[in-house]
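Each remark here refers to the structure printed beneath this line.
The values are calculated or read from the model by the stated rules, or taken from the named source; none is laboratory data. Computed from a predicted model, the values in this text were never measured in an experiment. Neighbour counts are summed over all protein chains in view; Cβ atoms, including those assigned to glycine, are modelled from backbone coordinates with ideal geometry. Only protein heavy atoms, including side chains, enter the accessible area calculation; ligands, DNA and RNA are left aside. Shrake-Rupley method; radii C 1.70, N 1.55, O 1.52, S 1.80 Å.
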Amino acid sequence: IGHLRQAGYGLGSSHLLGLVAEGALHYGDIAAAEAAVREAFEHLDQVGPELWEGEIHRLHGDVLRERGQAVAVVAQSYRRALDIAERQHAKLLELRAAASLVRILAGSVDQEPARQRLQRVYDWFTEGFDTVDLVDARGVLGSRPAS
């Protein structure tokens, strides 16, 4: 990413950094994911809000979760991601954030309102139900904690 920035590319850097963070999380490299998220936030501070801002907050929540932070702290990042995506009408990013929020709130009294919000976002979609994000959301919606 540093090479792209040196070459004058700025637009989309938060998206690329988000992909780096997501890949690092997938492979268990929490430090690299955290560094990518931090750099994405720095980029957003310089250029202002971008479409992927909400996704960076969601990934930040994922990093916090992997670091063992309190549920309330992680949920705050997911809620911020959800609110940003909703404000931007970025339905896919809203779906991802809502699914993450429902997962982290599993078994808590706050899970049902989050689940209802995820259901509303999921119901907005009219196609693409075999895509990874919609399959994931459907799985989250189908799973309920034992009472």
Query raised in the report: What about D110, is it open to solvent by 50 Å² or more (accessible area, probe 1.4 Å) and touching a residue at least 24 places away in the same chain (Cβ under 8 Å)?
Result: yes
Requested in this report: Kindly indicate whether D123 is over 23 Å from Q69 (Cα atoms), open to solvent by less than 50 Å² (accessible area, probe 1.4 Å) and charged (D, E, K, R).
Outcome: no
Query raised in the report: Name the residues in the range 38-48 that are of a type outside the set (A, V, I, L, M, F, W, C) and either assigned to a helix (DSSP H, G or I) or in contact (Cβ under 8 Å) with a residue 40 or more places away in the chain (or both), would you?
Result: R38, E39, E42, H43, D45, Q46
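Residues are listed down the side, and each one gets a yes or a no for (1) under 22 Å from Q69 (Cβ atoms); (2) among the charged types (D, E, K, R):
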{"position": "R96", "(1), (2)": "yes, yes"}
{"position": "A99", "(1), (2)": "yes, no"}
{"position": "R103", "(1), (2)": "yes, yes"}
{"position": "D110", "(1), (2)": "yes, yes"}
{"position": "Q116", "(1), (2)": "no, no"}
Report summary line: When the range 60-75 is checked residue by residue, the ones that are out of contact with any helix residue (DSSP H, G or I) (no Cβ under 8 Å at 6 or more places or on another chain) and on the phi < 0 side of the Ramachandran plot are Q69, A70, A72
Report summary line: All-but-one check, E50 against (1) crowded, with 17+ Cβ neighbours inside 10 Å; (2) modelled with pLDDT of 95 or more, failing number (2)
Query raised in the report: Here are A97, A72: which of them is surrounded by 22 or more Cβ atoms within 10 Å (Cβ to Cβ) and under 16 Å from D62 (Cβ atoms)?
Result: A97
Query raised in the report: Within the range 64-79, is even one residue over 30 Å from Q116 (Cβ atoms) and either among the basic types (K, R) or at pLDDT below 95 (or both)?
Result: no
